[in-house]
Amino acid sequence: MKLVKGFIEGYKGYAVQYLLIRQEEVSDRLAVMLPGAGYTNQAPLFHYATDIYLQKGYDVLNVNYRYNDEFYDDFTTEELSEAVRFDVAKIIDQVLAEAAYEDFCLIGKSFGTIAMASELQRPLFRDANAIWLTPLIKRPDVFDAMHTFPNRALSFIGDEDPGYIPERWNQLETNPQMTLRLVPGTEHSLEIPGKTLASIDIMKDIMDEIEKF
């Protein structure tokens, strides 16, 4: 694998880093990892998903924003939402300017699903696969993207996640392209607090579904 580290001048001038992991041979497929605000690309869901997509022959783009940094302390929720949309779009533009890809998969978790909902509006991503991990379905932009976009999609959320809204989650079943997985007993990290081995089993099941997706 070839590691390409880079950064862009992000929202309001704050640098945002990324890591592009490239196959030894040129690939025309790209997986984009959009983590949560505090759940990074080094956390289990993204660590293992990165490995899976590398094994599938994809290049993998890890977007490494850090919205917990002091720079963002005074940002409102909407300003943070604008920042993640701006930063992700600029990083993707920079990566796409240097390589030609034809097949895409976007994988977003929590705060990252705000940018994911925006990016899926690009004509380039019209046929992209989408994996929604603990999506922020209370947000109209995220819910509408999941509910209406024609992308082949897979989504996971825990029934103990504060962001789980049964009525909205069930409405997503009307999208025939969406496969929903409600994970019993898990919270926002898709783990069961205090039950390490059970959480590892859940992670294995999630990765098995992602691998088959």
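The values are calculated or read from the model by the stated rules, or taken from the named source; none is laboratory data. Keep in mind that this is a model prediction, so the values were computed, not measured. Cβ atoms come from the backbone with ideal geometry, glycine included; neighbour counts cover every protein chain shown. Just so you know, the surface numbers come from the protein's heavy atoms only, side chains and all, with ligands and any DNA or RNA stripped out. Shrake-Rupley method; radii C 1.70, N 1.55, O 1.52, S 1.80 Å.
Over the Cα atoms of the chain, what radius of gyration and what Dmax do you get, in Å?
16.4, 46
Suppose every Lys and Arg Cβ carries +1 and every Asp and Glu Cβ carries -1, with no other charges. What dipole size does the chain come out with about its Cα centre, to the nearest 20 debye?
260
Between rounded, prolate and oblate, where does segment 66-176 land on the alpha carbon gyration tensor, with a ≥ b ≥ c its root eigenvalues, rounded for a/c under 1.5, else prolate if a/b exceeds b/c?
oblate
Which whole-Hz ³J(HN,Hα) couplings does segment 127-143 yield from phi under the Karplus relation 6.51 cos²θ - 1.76 cosθ + 1.60, θ = phi - 60°, glycine and proline marked x?
Calculated HN-Hα couplings, in order: 9, 5, 6, 9, 10, 9, 9, 6, x, 7, 6, 6, 7, x, 5, 6, 4 Hz.
Could you tell me what percent of the accessible area of segment 135-210 is made up of carbon and sulfur, with a 1.4 Å probe and every protein chain present?
The computed percentage sits at 55.
What percent do you get for the relative contact order of the chain when only Cα pairs under 8 Å and 6+ apart count?
Value for the chain: 17 percent.
Going highest first, how would you order 69-79, 83-93 by mean Cβ packing within 10 Å?
83-93, 69-79
Just to verify a number: FRET efficiency for residue 195 and residue 51, C-beta to C-beta distance, R0 = 35 Å, to 0.05?
The calculated FRET efficiency here is 0.90.
Straight distance only, please: which lysines reach the Cα of residue 5 with their own Cα at less than 28 Å, same-chain residues fewer than 8 apart left out?
Correct list for residue 5: 56, 90, 109.
Once you order the gyration tensor axes a ≥ b ≥ c over the Cα atoms, which shape class does segment 118-172 get: rounded for a/c under 1.5, otherwise prolate or oblate by comparing a/b with b/c?
Because a/c hits 1.5 or more and a/b exceeds b/c, segment 118-172 counts as prolate.
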